[in-house]
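J.: First the structure, then my questions, so here it is.
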């Protein structure tokens, strides 16, 4: 069975500088995939390219069996790819409810309605008339997620859900993700908080300097392997001659 999203050999440059190079990954139906990595690893660039906000230098993006690379962002949204951007990006002049309603302009058929979002985040219904500027950071992040869900996406791209939020708030938001997946939405999330990503993800992809250096299920990957990939420990050690390459035999 073909994956819902299939990214192959994707390269995105800012001018002459590559942000990601030959990245390949996939997301299956009903799957949660986490992309982890340090600042500057290329995580947000990858999501931006999938959503249609950035133009790759080469590579392919196939979604639901169709090549979406030629499509602009709004047509990818109608196809079922929705990005919840880093920093929430709510409209400060609008109420909570009106911010949510902006997510319906490219609405697809599906289970997500305003009432269903209020069930997922019960506090929103009572405060729907409030300005978005009166909300805490975690509440604003919840509104941003709700706005994305109201378009009934098949694939939800979540960029740095935990950014600037208290750990208890992050845990509450992440606790909602299995409910979202159960409604038929797959999730591709970018996260620096590795422990949170490992708790919810079916698979993890680690980027380092724009390249994939590790991939697998959380059950398959040791903490040591994840730390080495995240920080590039093995690469740095080999560059300094402090460690043998993987193909080297034992010292004689």
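Since every read-out is calculated from the coordinates, none of them should be taken as a lab result. These figures come from a predicted structure and were not determined experimentally. Backbone-built Cβ (ideal geometry, glycine too); neighbour counts: all protein chains shown.
J.: Please work out which one of (1) over 25 Å from residue 174 (Cα atoms); (2) surrounded by 21 or more Cβ atoms within 10 Å (Cβ to Cβ); (3) within 16 Å of the chain's Cα centre (by Cα) is the condition residue 12 fails and give its number.
T.: (3)
J.: Right, here's the next one. Residue under question is residue 93, and the condition is that it be more than 14 Å from the chain's Cα centre (by Cα) and assigned to a strand (DSSP E or B); does it hold? First the steps, then the outcome.
T.: Working: more than 14 Å from the chain's Cα centre (by Cα): yes; assigned to a strand (DSSP E or B): no.
Judged against the criteria, residue 93 is not a match.
J.: Need a quick list: helices (runs of 4 or more DSSP H) entirely within region 121-195 having at least 2 residues that are within 17 Å of the chain's Cα centre (by Cα). Walk me through it before giving the result.
T.: Numbers: elements: 123-126, 137-149, 167-175, 177-182.
Passing ranges, in order: 137-149, 167-175, 177-182.
J.: Same structure again: Would you mind telling me which numbered condition in (1) surrounded by 15 or more Cβ atoms within 10 Å (Cβ to Cβ); (2) touching a helix residue (DSSP H, G or I) at 6+ places or on another chain (Cβ under 8 Å); (3) under 30 Å from residue 59 (Cβ atoms); (4) touching a residue at least 40 places away in the same chain (Cβ under 8 Å) residue 120 fails?
T.: (3)
J.: Moving to a separate point now. Kindly indicate which of 214, 177, 165 is in contact (Cβ under 8 Å) with a residue 12 or more places away in the chain, buried (at least 16 other Cβ atoms within 10 Å of the Cβ) and closer than 24 Å to residue 20 by Cα.
T.: Details: 177 fails: closer than 24 Å to residue 20 by Cα; 165 fails: closer than 24 Å to residue 20 by Cα.
One residue alone meets the criteria, 214.
J.: Which residue out of 61, 50 is in a helix (DSSP H, G or I), in contact with a strand residue (DSSP E or B) (Cβ under 9 Å, 6 or more places away or on another chain) and closer than 17 Å to residue 190 by Cβ? Quick ask: steps written out before the conclusion?
T.: Values: 61 fails: in a helix (DSSP H, G or I).
That would be 50, the only listed residue that is in a helix (DSSP H, G or I), in contact with a strand residue (DSSP E or B) (Cβ under 9 Å, 6 or more places away or on another chain) and closer than 17 Å to residue 190 by Cβ.
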